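Read the structure below first, then the notes.
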Amino acid sequence: MINITEAIYKLYPQVLRTSGDVAYDADGNEVAYDKAAVQAYVDAHAYISKRAAEYPPITDYLDGVVKGDQAQIDKYIADCLAVKAKYPKQ
């Protein structure tokens, strides 16, 4: 899951270091940032970790490919699509 610090680095490339909720540039100057925008970024990317936790193991798909079991492959794909539907991109 993307946390606040990662979101600050993504949204404010001039930030090179953080300490708590304070961000600093290369010269050690404090960088002001929009906390609401940072939280919105975190919230908008929350689906990534939720999906990752619920996707079926890739080995299920590979096993189906190796065995030539199209039903197993189709089930894997359907299970992945169900997770994507449960946690859509925002």
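Tabulated values for the structure
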read-out	value
Residue in the stretch 49-90 that is nearest to Met1 (Cα to Cα), counting only those that are touching a residue at least 24 places away in the same chain (Cβ under 8 Å) and of a type in the set (Lys, Arg)	Lys50
Tally of residues being over 21 Å from Lys84 (Cα atoms) and either free of Cβ contacts under 8 Å to residues at least 24 places away in the same chain or of a type in the set (Ser, Thr, Tyr) (or both) across the stretch 20-48	17
Number of the exception - Asp34 against (1) acidic (Asp, Glu); (2) open to solvent by 80 Å² or more (accessible area, probe 1.4 Å); (3) at pLDDT 95 or above	(2)
Qualifying residue in the stretch 10-19 (condition: of a type in the set (D, E, K, R) and without any contact (Cβ under 8 Å) to a residue 24 or more places away in the chain)	yes
Among the candidates Lys86, Lys75, residue that is of a type in the set (D, E, K, R) and surrounded by 15 or more Cβ atoms within 10 Å (Cβ to Cβ)	Lys75
Condition check for Thr59: out of contact with any Cys (no Cβ under 8 Å at 6 or more places or on another chain), loosely packed, with under 11 Cβ neighbours inside 10 Å, modelled with pLDDT of 95 or more and of a type in the set (Val, Ile, Thr)	yes
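The values are calculated or read from the model by the stated rules, or taken from the named source; none is laboratory data. What you see is a predicted model, and the numbers here were worked out from it, not measured in a lab. We place every Cβ from the backbone using ideal geometry, glycine too, and count neighbours over all the protein chains shown. Protein only, heavy atoms only, side chains kept; ligands, DNA and RNA dropped before computing areas. Shrake-Rupley method; radii C 1.70, N 1.55, O 1.52, S 1.80 Å.
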